[in-house]
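What follows is a single structure, written as structure tokens, with notes after it.
The values are calculated or read from the model by the stated rules, or taken from the named source; none is laboratory data. Please read these numbers as outputs of a predicted model, since none were measured by experiment. We place every Cβ from the backbone using ideal geometry, glycine too, and count neighbours over all the protein chains shown.
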Amino acid sequence: MNASPDCIFCKIVAGQIPSRKVYEDDELYAFHDIKPWAPVHFLVIPKLHIPSMAQLEASHAALLGKMMVLAPQLALEQGCNPYPSGGFRVIANTGDDGGQEVHHLHLHVIGGPRPWARG
């Protein structure tokens, strides 16, 4: 897989930095966020280094589809309640202005009490 030597997520995939793994296959890796917003908060990343959603190409369609299909499966396994009474949130921050802190494509999957609905 294509990796970036300075990317923290590439280092996590390579086992150079520890993580609390949720899931792994040949193309994807999922792990718990180190600063969770909610009781369920994990990231789904491709092992292939893609800097952000802005760099996706048509050739990545199957990979992104696989990420989106995996997210709800893992959300339920990690403790989110089923839809419609339960649910989860999927976030893909893109670029500095979009709040992206690590420039490796990733999905945040967040569930449980809704911290974003405080008011």
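Numbers below:
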quantity: From the options 64, 105, 70, residue that is out of contact with any helix residue (DSSP H, G or I) (no Cβ under 9 Å at 6 or more places or on another chain) and modelled with pLDDT of 95 or more; calculated: 70
quantity: Residue within the range 90-108 that is surrounded by fewer than 16 Cβ atoms within 10 Å (Cβ to Cβ), of a type in the set (Val, Ile, Thr) and assigned to a helix (DSSP H, G or I) present; calculated: no
quantity: The range 56-78 residues that are closer than 14 Å to residue 110 by Cα, paired with ones that are surrounded by fewer than 17 Cβ atoms within 10 Å (Cβ to Cβ) (beta carbon under 6 Å, 6 or more apart); calculated: 71/90; 74/23
quantity: Qualifying residue in the range 19-32 (condition: in contact (Cβ under 8 Å) with a residue 24 or more places away in the chain, of a type in the set (S, T, N, Q) and more than 15 Å from residue 110 (Cβ to Cβ)); calculated: no
quantity: Boolean, residue 5 is in a loop (DSSP other than H, G, I, E, B), within 19 Å of residue 98 (Cβ to Cβ) and not hydrophobic (A, V, I, L, M, F, W, C); calculated: no
quantity: Subset of the range 12-32 (residues that are over 17 Å from residue 72 (Cβ atoms) and in a loop (DSSP other than H, G, I, E, B)); calculated: 14, 15, 16, 17, 18, 19, 20, 26, 27
quantity: Subset of the range 38-55 that is crowded, with 16+ Cβ neighbours inside 10 Å and not in a strand (DSSP E or B) - its residue that is modelled with the lowest pLDDT; calculated: 38
